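The values are calculated or read from the model by the stated rules, or taken from the named source; none is laboratory data. This one's a predicted model, so the numbers in the text were calculated from it and none came from an experiment. Backbone-built Cβ (ideal geometry, glycine too); neighbour counts: all protein chains shown. These accessible areas exclude ligands, DNA and RNA; they are computed on the full protein's heavy atoms, side chains included. Shrake-Rupley method; radii C 1.70, N 1.55, O 1.52, S 1.80 Å.
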Amino acid sequence: MAETLLVTGAAGQLGRLAVEHLATLHPGPIVAGTRDPAKLAGLPAGVAARRIDFDDAASLAEGFRGVDRVLIVSTDAFDRPGRRVAQHRAAVEAAARAGVRRLLYTSMPNPEPGSPVVFAGDHHATEEAVRATGLPHTILRVSWYQENLLGSLPGILASGIWTSAAGEGRVPYVARLDAARAAAAALAAGSAARETIDITGPRGWTVAEVADLASRLLGKPIRVLPLEDAALAETLARHGVPAPMVPVIVTMDRNTREGRMPAPTDAVARLTGTPPRTLEAFLEQLKGSFPVAA
Ligand SMILES: NC(=O)c1ccc[n+]([C@@H]2O[C@H](COP(=O)([O-])OP(=O)(O)OC[C@H]3O[C@@H](n4cnc5c(N)ncnc54)[C@H](OP(=O)(O)O)[C@@H]3O)[C@@H](O)[C@H]2O)c1
């Protein structure tokens, strides 16, 4: 009998894309787990919605019942320290208790102790929780999304200046859709492996290279202004970046500068059969999306 596969966080951007791709790959039952099933209108035929909220133990016990393999999508709960890791541990442990036989988790690159990234500890602790179940698993260490650039590019294009503490470090930006398709493919494959995979785009980019590319494709010169961490934090705060986001950005830059982002891998192509989207293609499709004053 075909196994039952479940994706948590199915109303989120990655979760939704993963469910849609999974429906093209898996002939058996698929469950879309979310805090609010009302948000899941228009799911592919045959996909059942279930309420799963990592803050609600009863929903976890009920939600994972009869499920064989689970993709746990990391949450966005940054409001108080410790909340996200408690959520993830609750989900991992509930899945194991419910008899799930294979776990997948969306982590980040190199989250081990020593990572400067403020949220790395959440991912490291969750990876450890997944491994501690003893179950076959795939930890998907997803590089930063290409789409993250959408947050900063409008301001960069408006000012012509890209403040950065990333130095000469490289980021192998990945399309969110490619990460979702890779996760769905790994879930559908159902191997018995215990593995940790870097999910990346096709090449690593320095900030200067992304600035050059964006200048060329989006029609506005961009100058990179290298800053120390403290000066970057001060500049971001002065330009209205929300306070909780400031250390996130600064420590992600530091992480890049220290060479802690992975080299590009072939994981997306290997799992999905399709090469990952390039950063050139991503930026090309943004042409005309932003007002670029001369
Ligand atoms: N690699 C990167 O560059 C990058 C960038 C941003 C975020 N991320 C991480 O990757 C995850 C997926 O990315 P995304 O683009 O899909 O983010 P998103 O659209 O902001 O989705 C947030 C996700 O968190 C889930 N969630 C929040 N609270 C939850 C709870 N109490 N119980 C269960 N699930 C909960 C949501 O599920 P429901 O709404 O369906 O309940 C949803 O899947 C994010 O949550 C974050 O951990 C990675």
Quiz item: So if R0 is 41 Å, what FRET efficiency would residue 195 and residue 243 give, r being the distance between their Cβ atoms, rounded to the nearest 0.05?
Solution: 0.65
Practice problem: Any chance you could give the angle, 0 to 90 degrees and rounded to 10, that helix 149-159 forms with the longest Cα principal axis of the chain? | Solution: 10 degrees
Exercise. With a point put 7 Å past each Cα toward its Cβ, work out how far residue 1 is from residue 38 in nm, to one decimal.
Key: 3.3 nm
Quiz item: To the nearest 500 deg cm²/dmol, what mean residue ellipticity at 222 nm is calculated for the chain from DSSP H runs of n ≥ 4 alone, each contributing -39,500 (n - 2.57), summed and divided by the residues?
Solution: -12500 deg cm²/dmol
Quiz item: residue 133 to residue 168: extension gain in nm, 0.36 nm per residue of separation minus the Cα-Cα distance?
Solution: 8.7 nm
Self-check item: Per-selection Kirkwood Rh - segment 116-237 (Cα, Å, 1 d.p.)
Solution: 16.7 Å
Quiz item: Averaged per residue, what accessible surface does the chain expose to a 1.4 Å probe, in Å²?
Solution: 44 Å²
Exercise. Rank-order 21-30, 190-199 by packing density, defined as the average count of other C-beta atoms within 10 Å over each peptide's residues, highest first.
Key: 21-30, 190-199
Self-check item: Centroid-to-centroid separation of segment 202-247 and segment 59-136 [C-alpha atoms, Å]
Solution: 31 Å
Quiz prompt | For residue 173, residues with placed amide H under 5 Å, excluding near neighbours | solution = 201, 205
Quiz item: Under the Karplus relation 6.51 cos²θ - 1.76 cosθ + 1.60, θ = phi - 60°, what is the ordered set of whole-Hz ³J(HN,Hα) values for segment 80-89, x standing for Gly and Pro?
Solution: 9, x, x, 5, 5, 5, 5, 4, 5, 4
Practice problem: Estimate the FRET efficiency between residue 24 and residue 258 by the formula 1/(1 + (r/R0)^6), using the beta-carbon distance for r and 41 Å for R0, to the nearest 0.05. | Solution: 0.55
Quiz item: What full-extension length gain, to one decimal in nm, is calculated for residue 161 and residue 65 as 0.36 nm per residue of separation minus the Cα-Cα distance?
Solution: 29.4 nm
Exercise. With a 1.4 Å probe and every protein chain kept in, tell me what percent of the accessible surface of the chain is carbon plus sulfur.
Key: 55 percent
Practice problem: Apply the Kirkwood formula to segment 2-59: the hydrodynamic radius equals the inverse of the mean of 1/r over all pairs of different alpha-carbon atoms; give it in Å with one decimal. | Solution: 11.3 Å
Quiz prompt | Folded to 0 to 90 degrees: helix 176-189 orientation relative to the chain principal axis, Cα | solution = 20 degrees
